[in-house]
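Everything on this sheet refers to the single structure shown next.
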Amino acid sequence: MTRRDLITFFTLSFMWSLSFIFYRVGVPEFGSLAFASLRVVLAGLTMLVFVLLNPKNRQGIQENYKALTVVGLLSAAIPFVLFAFSAQTVNAGVLAVLNASVPMMSGFIASTFFKDKLTKKQIAGLMIGIVGVFILMSESLFSEQSEATTFSSSLLPMSYGLLACVGYATGANVTKNYLSEMSPIAITAGSLIIASLIMLPIAIYAFPYGKTISTTAWFSVICVGVFSTAIALIFMNQLIKNIGAMRATSITLVIPIFAIFFGYVLLDEALDVGAIIGSVVILFGTYLSLNLSLKSLSRS
């Protein structure tokens with residue numbers, strides 16, 4: 001992993017963590033399903049501009065439309081909808097822990113179906129990272145508010161979240177193994193344009209007609225579609241191509257750190273000792289799972 005890949009990794013963590021802020025602002029006005037579907041549609045429109053402006057960005061899309069359809073469904077359309085339903089009853093702490101299971105799932109899929117073996121160091125790093133996420137989210141997971149929801153009523157929504165994570169992990173492995181010859185922009189454009197066509201009817205159906213939507217909410221859905229989805233997935237597909245699906249998806253371990261930081265700075269949320277300890281544990285686990293070497297990074 002080069003220094004450039006590491007910079008891209010943490011830049012992407014920053015970009016995706018902002019989606020938590022955008023969701024908090026936009027979902028109350030649009031509704032979960034409308035917000036999620038609009039996110040995909042706006043991301044698809046953004047990538048359509050990339051394709052129209054530069055013919056090179058469309059190379060390979062027609063030849064690989066089947067794989068791109070799978071990636072668009074598994075990495076965008078289906079997970080966004082599943083998490084939208086899950087978020088209605090499952091608190092943010094539990095969702096963050098579920099989302100942090102993506103690299104473990106990705107590693108399992110890679111080693112089982114694509115013969116991409118993990119080292120003991122990488123496996124240990126992933127386990128440590130997940131422990132760090134539990135520490136980070138311990139207050140949300142075990143607070144009185146989370147206990148108010150019974151296990152039976154949370155089981156189905158949590159299964160939606162886990163299915164979304166399976167989609168992310170599978171989509172990343174399909175990208176790595178079947179679309180490696182395409183450019184990251186072409187992969188992102190093809191998958192998101194296809195996903196947006198699928199999600200457009202849902203966006204039209206779920207849109208809150210007759211309700212006044214604030215400028216701030218519109219700004220949030222545009223930013224999450226353009227910035228935290230379209231542009232972010234270009235970086236993600238580049239990472240998958242460079243460092244592999246498992247190491248790229250381990251970004252989900254780092255995202256809660258940025259999310260808590262932005263919550264503290266922008267939303268005036270509390271920053272406790274558990275958050276600091278959990279962040280340190282996550283960073284150490286990520287360091288191991290990415291199989292980093294400080295010496296090699298200093299030379300790259």
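The listed residues Lys121, Lys115 rank as Lys115, Lys121 when sorted by accessible area, largest first, using a 1.4 Å probe. Label separation (Ile7 vs Tyr65): 3.8 nm, computed from points 7 Å beyond Cα along the C-beta direction. Across the protein chains, with a 1.4 Å probe defining accessible surface, the residues Leu179, Leu48, Leu233 rank Leu48, Leu233, Leu179 from largest area downward.
As an exercise, use a Förster radius of 41 Å and the Cβ-Cβ distance of Ser214 and Leu48 to find the FRET efficiency, rounded to the nearest 0.05. For R0 = 41 Å, the calculated efficiency reads 0.95. So which lysines pass the test for Lys241, namely a Cα distance under 16 Å, with those fewer than 8 places away in the same chain ruled out? In chain and number order, the partners are Lys176. Working from label points 7 Å from Cα in the Cα-to-Cβ sense, the Val131 to Lys115 distance is 3.4 nm.
Computed with a 1.4 Å probe on the full set of protein chains, the accessible area for Thr112 sits at about 60 Å². Phi angles across region 43-59 convert, under the Karplus curve 6.51 cos²θ - 1.76 cosθ + 1.60 with θ = phi - 60°, into 3J(HN,Hα) values of 5, x, 5, 4, 6, 5, 4, 4, 5, 6, 6, 9, x, 5, 6, 9, 5 Hz, Gly and Pro given as x.
Could you provide, to the nearest whole Å², the per residue accessible area of region 1-57 with probe 1.4 Å?
Accessible surface, normalised per residue, equals 45 Å².
The values are calculated or read from the model by the stated rules, or taken from the named source; none is laboratory data. Since this is a predicted model, take the numbers as computed values, not measurements. Positions of Cβ are backbone-derived with ideal geometry, glycine not excepted, and every protein chain shown enters the neighbour counts. What goes into the accessible areas is simple: the full protein's heavy atoms, side chains included, and nothing from ligands, DNA or RNA. Shrake-Rupley method; radii C 1.70, N 1.55, O 1.52, S 1.80 Å.
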